[in-house]
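Below: the structure, in structure tokens.
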Amino acid sequence: MFVPRESLDTVRDALFAAGAGKIGDYERCSWYAAGTGTFKGGPGTSPALGESGREERVSELRLETVFPEERHDDIIAALRAAHPYEEPAFDVYALL
């Protein structure tokens with residue numbers, strides 16, 4: 001997922017509280033790296049950063065973590081509740 005730098009800890013805390021980030025005997029496991037996100041909100045949008053109808057460039061962090069499949073719905077709900085964006089960008093990959 002991609003998250004603005006100032007929201008990193010809030011989103012991580014929500015994900016971990018919902019059951020993400022456990023690897024063996026370790027908790028709160030994640031990885032993040034800096035980058036630049038771009039977007040242009042269409043009519044009726046209300047971007048958390050920038051303005052609707054204008055292409056924006058935002059300093060973001062790509063945040064990755066793991067979670068058990070049975071926690072999927074809780075993790076996604078926690079992500080959407082904690083993330084500041086109307087439409088958070090995220091991917092979920094099954095690890096085999």
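Put one equal scatterer on each alpha carbon of the range 6-57, apply the Debye formula with no solvent term, and list log10 I(q)/I(0) at q = 0.20, 0.22, 0.31 1/Å to two decimals.
Here log10 of I(q) over I(0) equals -0.80, -0.85, -1.12.
Stick to Cα atoms and the Kirkwood definition of Rh, then tell me Rg/Rh for the chain.
Rg/Rh: 1.00.
What is the magnitude of the charge dipole of the chain about its Cα centre, with +1 placed on the Cβ of each Lys and Arg, -1 on the Cβ of each Asp and Glu, and no other charges, expressed in debye to the nearest 20?
On the way: 10 positive and 17 negative charges, 48 e Å.
That gives a dipole near 240 debye.
Which loop GluC sites (Glu not before Pro) in the range 11-64, with loop taken from DSSP, have no more than 11 other Cβ atoms within 10 angstrom of their Cβ?
Glu27
Roughly how tilted is helix 8-17, in degrees to the nearest 10 and between 0 and 90, from the longest Cα axis of the chain?
40 degrees
For Leu96 and Arg80, calculate 0.36 nm times their separation in residues minus their Cα-Cα distance, and state this gained length in nm to one decimal.
Details: separation 16, 0.36 × 16 = 5.76 nm, distance 2.54 nm.
Value of the extension gain: 3.2 nm.
Between beta-carbons, use under 14 Å as the cut-off and find the net charge around Tyr93, counting Lys and Arg +1, Asp and Glu -1.
The answer is -2.
Each reported figure results from applying straightforward, stated rules to the coordinates on display, with no laboratory input. Remember, predicted model here, so these are calculated numbers, not experimental data. Positions of Cβ are generated from backbone atoms using ideal geometry, with glycine treated the same way; all protein chains shown enter the neighbour counts.
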